[in-house]
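Working notes, structure below.
The values are calculated or read from the model by the stated rules, or taken from the named source; none is laboratory data. On a predicted model such as this, the values are computed, not experimentally measured, just so you know. For neighbour counting, all protein chains shown are included, and Cβ atoms are generated from backbone atoms with ideal geometry for every residue, glycine included. Areas reflect the complete protein model, heavy atoms only, side chains present, ligands, DNA and RNA absent. Shrake-Rupley method; radii C 1.70, N 1.55, O 1.52, S 1.80 Å.
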Amino acid sequence: MRSLLFVPGDSQRKLEKAMTSGADALLIDLEDSVALDAKANARRVTAAFLAHAKKQSDRPRLYVRVNGLTTGLIEDDLDAVMPAGPEGVVLPKTVGGMDVSHLGAKLAVREAEFGLPDGGTRILAIATENAAGVFALGTFAGASHRLMGLAWGGEDLSADLGAETNRRGDGAYAEPYRLARALTLMGAAAASVDAIDSVYTNFRDHDGLRTECQEARRDGFVAKMAIHPAQVPIINQAFTPSPEALARAQAVVDAFAANPGAGVVGVEGEML
């Protein structure tokens, strides 16, 4: 997956439009974009949409961002959407591997209850939305076979820190958020899962988004989240290997296939 597009779970119109956005995955949102008094309706809209959309052969992957483990809302979220069998669940406000294990147990119960494949529902953890989550970024390895990726986010983190803004005057992230970004990248590598870059909130600034995508790809992120369909083509282009890069990679593979011992260190430490 290269592009993961957030879509409000209470808007049938936006959900239908998102299906043609070109995004590799839709992150159907029951959390931040849905007011508290609209949660019940959002669950109904999302469940009906999932049931219909899953029947389409050429479609993005369908993930649902539920409310956090401590909100008292997640049980109702999962009860509503799991019968439709989303490919994955996005867990906000994640604090380390223990939270992922906790969600995994909830998913296992519902997979059994609704006749879904055991372990088939993946987990994407948004892991830096509070300071506690940042300190727990090294705890995801082995937390759950369901975990497919770690994402970071700077908006909720800035609120948790009491910051005036999370960006410098030149538009780049301020140091606390660059630290969270870097640690997410390392935490994902340590857990052998995908590292997914945060949203770019100024959806009208395509040049800024393109630059941020290029920097993310350079550093090791494999995908980026989006908040508007117009961002999807830019993200897809940035995270799709160029023909030249593919050719170089194939040349390396071919070279090792032709010389299986190349690069192997012998017992005396010499390169063979």
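Computed quantities for the displayed model
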| read-out | value |
| --- | --- |
| The chain pair-distance distribution - Cα-Cα, 10 Å bins, rounded % | 7, 27, 34, 21, 8, 3, 0 |
| Percent of beta bridges antiparallel (DSSP, the chain, rounded to nearest 5) | 5 percent |
| Residue-span extension gain [residue 16 to residue 37] - 0.36 nm each, minus C-alpha spacing | 5.3 nm |
| Local net charge near residue 95, Cβ-Cβ under 12 Å (Lys/Arg +1, Asp/Glu -1) | -2 |
| Distance (nanometres) between label positions extended 7 Å along Cα→Cβ at residue 247 and residue 58 | 2.9 nm |
| Virtual paramagnetic centre 7 Å along Cα→Cβ of residue 109, amide N under 16 Å, in region 20-43 | none |
| Residue 145 paired with residue 70, simple spin-label distance in nm, labels 7 Å along Cα-to-beta-carbon | 3.1 nm |
| Length-normalised contact order for the chain - Cα pairs under 8 Å, 6+ apart - percent | 16 percent |
| Rounded accessible area of residue 129 (nearest 10 Å², 1.4 Å probe) | 10 Å² |
| Two-site FRET efficiency, residue 204 against residue 118, from Cβ-Cβ distance with R₀ of 41 Å, rounded to 0.05 | 0.40 |
| As computed over region 1-149, the Cα convex hull volume per residue (Å³) | 105 Å³ |
| Accessible area in the full protein assembly, largest first, 1.4 Å probe, for 99, 32, 118 | 118, 32, 99 |
| Radius ratio Rg over Rh of region 62-160, counting only Cα atoms, Kirkwood formula for Rh | 0.96 |
| Efficiency of FRET from Cβ geometry, residue 230 and residue 79, R₀ 35 Å, rounded to 0.05 | 0.55 |
| In Hz, Karplus ³J(HN,Hα) per residue of region 2-15 (6.51, -1.76, 1.60; θ = phi - 60°; x = Gly, Pro) | 9, 10, 10, 9, 6, 9, x, x, 9, 10, 4, 4, 5, 5 |
| Region 115-272: Cα Rg divided by the 2.2 N^0.38 Å rule of thumb | 1.28 |
| Where labels lie 7 Å past Cα in the beta-carbon direction, separation of residue 219 and residue 165 in nm | 1.9 nm |
| Carbon + sulfur, % of accessible area of the chain - ligands and nucleic acids excluded, 1.4 Å | 55 percent |
| Mean accessible surface per residue for the chain, computed with a 1.4 Å probe while every protein chain stays in place, in Å² | 48 Å² |
| Expected-Rg normalisation [2.2 N^0.38 Å, Cα atoms] applied to region 1-60 | 1.08 |
| D_trans [Stokes-Einstein, Kirkwood Rh over alpha-carbon pairs] for region 112-156, 20 °C, 1.002 mPa s, µm² s⁻¹ | 178 µm²/s |
